[in-house]
Amino acid sequence: MAEPARAREEPTRLALRLFVAGEAPNSLAARKNLEAALEPLDPGAVELEIVDVLDEPRRALEDGVVVTPTLVRLSPPPERRIVGSLGASERLRQFLAVENPVP
Amino acid sequence: MSENRSGADGRTISTGVPGFDPLAGGGLPRGRTTLLVGGPGCGKTTFALQVLTRGARNGAGGIFVAFEEPVEQIRQGLARRGLFGDGEVEDRLAFVDARLPSSVLRGGDFDLLGLLGGLAERAGDLQAEVIVFDALDVLLASLEDPGAERRELYRLHEWLQETGLTGILTAKETGGGPRYDFLEFMADCVVRLHLRTEGKAAVRGVRVLKHRSSSHATHESPMIVTERGLEVVDTGSVKLEHRVSDERVSSGIGELDRMIGGGYYRGSSILISGSSGTAKTTLAAAFAEAACRRGERTLYVSFDESVSQIVRNLASVSVDLGAQVESGTLLMDSARARPGSPEDHIVRIRSLWREHEARNLVVDPLSALEKPGTHLAEEVGLYLVDLAKKEGITFVSTCLVEGNRVESTPIGISTVADTWIHLSYLVQAGERNRALTVVKSRGMRHSNQVRELLLADDGIDLRAVYTAGGEVLMGTLRWEKEEEERMAREEERREAERRRREAEIRVAELRARMEALRGELQAAEEEAARAEEETRSARRQRRSRERQIRELRTREDGTEQDREEGSGSEGREGSDG
């Protein structure tokens, strides 16, 4: 399991890491869906890192990523993960929600 | 390149499961995919780990991808079994936790690209040759879509082909269902593991269902779990591989040695059967003591009496086990109170004899391993015979039977044993004596020889038995004799029946002939009568004619001619007669 990222100065800041597998259909869909979900948010409040496991395969193992795409919410804690193409927008929004999200 | 080769052409990899490789034509197919299937607890993960560690011992790197079991648990298991060795093996292996915890949310369709990418890297680092995907069915199930399952399996299959790794997939599927069908289709080799339990007895089996690149055995083979993992046991089909020795070792009784041509064959298995109280332990212990006196380390496992009891009893017939135990040559173990399945006992006994470096083994009674009514456990006794034979250990086992009938030995060991001795009581002239019968013994010309067994203060001896008819009736012999007599009677009856029928046929035949002759006789008589009649009739006619002629002549000539012709015509046949 990956170590949780260090907490940011502003605890409400949303730190995400999306693991994708190049141009694979699920991965493309996840990027699109995530971007759509992040659009209404203030860009300064969101930190998104996209890791392509085909380019950096070690990172997948290091972070304990088994399937792609995997979206990791590093902050605010606790760390949570969701896998898949992220097509269910309501679920994604709940996942991203900053204050007391419901699983 | 590592030395991880087996099979004549390096097309297979050794599994590290003792006894399994020959079943699969040398091992699992190198560079291809093997599927291990079986229900929960049947040992798939253990099997896969043995393959991996075996490869690592030979210098081949390996990766274990765990979809269900926690990696730490797996590592601990290996360490406990001593499979990591001195760390060399550990360095060559990578354990990847690929579990998808329930805390991870599902948000759509996903794939294994990430995992496979990472694995490819690790495989390169380690120069891995073998990769295990353990509990693949768990991952596939989490996809929650048969279409996605198939797609990912294809992906995995292609990836394995591209990387050239030897892949081992384990799954709980046992047959039927699209997932199993697809897995089976993908694999070049399919190995199924079984586990059946009856009470405490666990019987495991393994079977190679399919092996595209070599010929394989098709039968199921039994397996046991030892301290190091799984092991295949052979219950007799591959006897040829066992070391066959011509050397004889003493049974502990001189006369018995003579009866069977010099003693037991070294490395053979000997069965001593008999009902309770017939001195089986005495005979088994005599063998043990004789072996120890020769300086050979021996293990005596008792499932019945305590060690001190046995030592005491045998001392009363001058068999000194105590001294041998003290010297350390003889190790005696009382296993009656120990819990455990038959399999556990067998594994334990083998560990004991290996630790003790024993060349000889006694298990008294072996029949204690099986529980009545569970036929599964019967075979388990045979495992011990095989394991002992593999290591050239001379194995004497005793078996308790009910009654005096030899054929009621419940375990099949009587067919497998090289020598079979049956002990019983013989009632003779109002006396009750002990009898020993050598039912069979390899290399002995005459089986079923009987002696009287004498136990006295100064030792054990055998004496020839005589009865009135020169026959000893007991046990197998009586049964055999009865059978013989029954068959003889049957034969006689059939013979008598046959003769009776033949005689009847003959009588009928003769009668018919007689009838025919009578008919002929009658016809002949009638013929004769007719002929007689015709002759008379002819004569009468002739005389009548002659009279007529005379009368005619008399009228012409007068009386003188009458007188001349009358005397002449009497004697003469008529010229027209």
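It is to be established whether one or more residues within region B:323-343 are within 21 Å of residue B:423 (Cα to Cα) and surrounded by fewer than 16 Cβ atoms within 10 Å (Cβ to Cβ).
Quick first cut of region B:323-343, residues within 21 Å of residue B:423 (Cα to Cα) only: none.
Checked against the condition, which is being within 21 Å of residue B:423 (Cα to Cα) and surrounded by fewer than 16 Cβ atoms within 10 Å (Cβ to Cβ), region B:323-343 yields no hits at all.
Take residue B:109 and tell me if it is under 21 Å from residue B:51 (Cβ atoms) and not aliphatic (A, V, I, L, M).
On the way: under 21 Å from residue B:51 (Cβ atoms): no; not aliphatic (A, V, I, L, M): yes.
Considered against the rule, which asks whether it is under 21 Å from residue B:51 (Cβ atoms) and not aliphatic (A, V, I, L, M), residue B:109 comes out as no.
Can you spot a residue in region B:165-184 that is without any contact (Cβ under 8 Å) to a residue 60 or more places away in the chain and within 12 Å of chain A (Cβ to nearest Cβ)? Give the derivation first.
Narrowing region B:165-184 to residues without any contact (Cβ under 8 Å) to a residue 60 or more places away in the chain: B:176-179, B:181-182.
Still in the list and also within 12 Å of chain A (Cβ to nearest Cβ): none.
So far as region B:165-184 goes, no, none of its residues is without any contact (Cβ under 8 Å) to a residue 60 or more places away in the chain and within 12 Å of chain A (Cβ to nearest Cβ).
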*When residues of region B:110-125 are limited to those that are touching a residue at least 24 places away in the same chain (Cβ under 8 Å) and at the interface with another protein chain (Cβ under 7 Å from one of its Cβ atoms), the one farthest from residue A:22 (Cα to Cα)*: B:122
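Which of the residues that make up region B:325-364 are assigned to a loop (DSSP other than H, G, I, E, B) and within 30 Å of the chain's Cα centre (by Cα)? Walk me through how you get there before you give the answer.
Let us first name the residues in region B:325-364 that are assigned to a loop (DSSP other than H, G, I, E, B), namely B:328-329, B:335-341, B:357-359.
Result: B:335, B:336, B:338, B:339, B:340, B:341, B:357, B:358, B:359.
Okay, residues lined up against (1) at pLDDT 95 or above; (2) surrounded by 24 or more Cβ atoms within 10 Å (Cβ to Cβ); (3) aliphatic (A, V, I, L, M):
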| residue | (1), (2), (3) |
| --- | --- |
| B:247 | no, no, no |
| B:257 | no, no, no |
| B:264 | no, yes, no |
| B:287 | yes, yes, no |
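Any residue in region A:29-39 that is modelled with pLDDT under 85 and either of a type in the set (Phe, Trp, Tyr) or surrounded by fewer than 18 Cβ atoms within 10 Å (Cβ to Cβ) (or both)?
First, the residues of region A:29-39 that are modelled with pLDDT under 85: none.
No.
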_Given (1) within 15 Å of residue B:121 (Cβ to Cβ); (2) within 11 Å of the chain's Cα centre (by Cα), identify the lone condition not met by residue A:79._
(1)
*Read through the list (1) at pLDDT below 85; (2) touching a His at 6+ places or on another chain (Cβ under 7 Å), then give the number of the only condition that residue B:389 fails.*
(1)
*Within region B:126-155, how many residues are touching a Gly at 6+ places or on another chain (Cβ under 8 Å) and within 13 Å of chain A (Cβ to nearest Cβ)?*
2
*Do we have residue B:396 as out of contact with any Pro (no Cβ under 7 Å at 6 or more places or on another chain) and modelled with pLDDT of 90 or more here?*
yes
*How many residues are more than 19 Å from residue B:391 (Cα to Cα), touching an Asp or Glu at 6+ places or on another chain (Cβ under 9 Å) and touching a residue at least 40 places away in the same chain (Cβ under 8 Å) if we restrict to region B:335-365?*
3
*Kindly indicate the residue of region B:79-106 that is within 9 Å of chain A (Cβ to nearest Cβ) and of a type in the set (D, E, K, R) and also surrounded by the fewest Cβ atoms within 10 Å (Cβ to Cβ) among those meeting that condition.*
B:106
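Please find, among B:538, B:512, the residue that is hydrophobic (A, V, I, L, M, F, W, C), over 55 Å from the mean Cα position of the chain (by Cα), more than 30 Å from residue B:286 (Cα to Cα) and modelled with pLDDT of 90 or more.
On the way: B:512 fails: modelled with pLDDT of 90 or more.
Exactly one of B:538, B:512 is hydrophobic (A, V, I, L, M, F, W, C), over 55 Å from the mean Cα position of the chain (by Cα), more than 30 Å from residue B:286 (Cα to Cα) and modelled with pLDDT of 90 or more, namely B:538.
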*When only residues in region A:67-93 that are in contact with a strand residue (DSSP E or B) (Cβ under 7 Å, 6 or more places away or on another chain) and in a loop (DSSP other than H, G, I, E, B) count, which is farthest from the other protein chains (Cβ to nearest Cβ)?*
A:79
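Only one of these is in a loop (DSSP other than H, G, I, E, B) and modelled with pLDDT under 95: B:273, B:237, B:308. Name it.
On the way: B:273 fails: in a loop (DSSP other than H, G, I, E, B); B:308 fails: in a loop (DSSP other than H, G, I, E, B).
Within the list B:273, B:237, B:308, the selection yields B:237.
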*Could you check how many residues of region B:182-232 are within 18 Å of residue B:166 (Cβ to Cβ), touching a His at 6+ places or on another chain (Cβ under 7 Å) and buried (at least 21 other Cβ atoms within 10 Å of the Cβ)?*
2
*Give the residue that is modelled with the lowest pLDDT, with candidates limited to residues of region A:86-102 that are over 18 Å from residue A:45 (Cα atoms) and surrounded by fewer than 21 Cβ atoms within 10 Å (Cβ to Cβ).*
A:102
*Can you name the number of the only condition in (1) at pLDDT 85 or above; (2) in a helix (DSSP H, G or I) that residue B:407 fails?*
(1)
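The values are calculated or read from the model by the stated rules, or taken from the named source; none is laboratory data. Here the structure is a predicted model, which is why all the values come from computation and not from measurement. Heads up, the Cβs are rebuilt from the backbone with ideal geometry, glycines too, and the neighbour counts pull from every protein chain shown.
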